[in-house]
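A.B. asks: Got a structure here, written out as structure tokens. Questions coming.
Read the figures in this text as sums done on the coordinates, not as results from a lab. Remember, predicted model here, so these are calculated numbers, not experimental data. All Cβ positions, glycine included, derive from the backbone under ideal geometry; neighbour counts span all protein chains shown.
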Amino acid sequence: MSEGRPVSRRALLALTAAVLAAHAVLLGVVLAPLHFVPPQAARPFVTRSIAPEPAPAIAPAPQPAPPAPVAHRPPAKPPAHIEASAGSSQRAAALPAAPAPEASPSAQMPPALAGAAAPSRDAGAQSTSFAVPASAHLHYKVMAHVKGMELTGEGELLWRNDGHDYEAKLEVRSPLVRTRTQTSTGRVTAQGLEPLRFADKNRSEQAAHFQRDKGVVSFSGNKPDAPLLAGAQDRLSVMLQLGAMIGGAPQKFPPNTEIAVQTADTQEAQGWTFTVEGMEQLRLPGGNVAALKLIRNPRKEFDQKVELWLAPGMDYVPVRLRLTQPNGDSVDQQWSSTDRG
């Protein structure tokens, strides 16, 4: 037993030493990463910039003084079929007031058409005053020539103007033809009429909306929108707007004056150009009337020819309207009487 104890003590010491050595190895393996330098791939990427050889010194050119700020107006983007515009007033009211002196009629047209049909005198740019006619109820006799046949009917234009808003309603009736009704509603401004909605009803009603907050004319039937140009009108309001413009300054519209205005129906907006032809003496169902004739000639295939007579003695309201189709068919609307108020 006495000989066994030292052995056990030595064995214990040896075992202890082995355990301590093992811990030392483990501690070394665990702690080593705290002092280990990362391999090259783990080092942060460092770039070196090599400066080029300096170029010969050149004195900088003197910089001109910055120009005075100018108001920026984005160009209008009319549709491809717009033939002419009546200016670029941001108010987009009826027909525009005079543009800046440097502006020219061709500069206000779409680039593709800038010179295609520049008016000899841009009446929209000249006009500075408008005389919108007072409320009236006009009656017409309607004569149509269709495929060699003659048809007759009646028409009436109900026009209301309270100085702030307007409403126009044109209705044509015939025993053999379905009644057709067109309406235009909008505002009365310092620049004449500013339409908001135009409707055309034959079998069903279709409409055009002048969305001035968005700068577009939208149409029923999923037709694409058209940019809303300054002075835009519809096919009904344009007759009354022309009368208001000419009535405000008759001396500015001698014969051969051309008046360009964007005109919308229920499917598209086109540039219409009217030419002043001069005064004529008319024998109408309502009596003899002196009237100023304007004409809009066809500009492309299937265009209508539009002839319009405005009576100075009746606030330049339309007393005759004749539409002629390319095949010769026509509708002639002639004044027969007026109810005022």
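A.B. asks: So, R0 is 25 Å and r is the distance between the beta-carbons of Arg180 and Met279; what FRET efficiency does that work out to, to 0.05?
C.D. replies: On the way: r = 30 Å, r/R0 = 1.21.
Rounded to the nearest 0.05, the efficiency is 0.25.
A.B. asks: Taking neighbour counts of Cβ atoms within 10 Å as a proxy for exposure, in what order, fewest first, do Glu280, Glu301 appear? Before the final figure, lay out each step's value.
C.D. replies: On the way: Glu280 12, Glu301 6.
Sorted ascending by nearby Cβ count, the order is Glu301, Glu280.
A.B. asks: In the range 208-341, if every C-alpha pair distance is counted and binned at 5 Å from zero, what percent goes to each bin?
C.D. replies: 2, 10, 18, 20, 19, 15, 10, 5, 1, 0
A.B. asks: Still on this structure, I have one more. Taking the alpha-carbon distance from Lys252 and a cut-off under 30 Å, which lysines remain once sequence neighbours fewer than 8 residues away in the same chain are dropped?
C.D. replies: Counting by Cα, and skipping residues close in sequence, Lys252 has these lysines nearby: Lys77, Lys169, Lys293, Lys300, Lys305.
A.B. asks: Can I ask one more? Mind ranking 173-183, 305-315, 227-237, 260-270 by how tightly packed they are, going by the mean number of other C-beta atoms within 10 angstrom, highest first?
C.D. replies: Working: 173-183: 14.2, 305-315: 18.5, 227-237: 25.4, 260-270: 22.9.
Highest mean packing first, the order is 227-237, 260-270, 305-315, 173-183.
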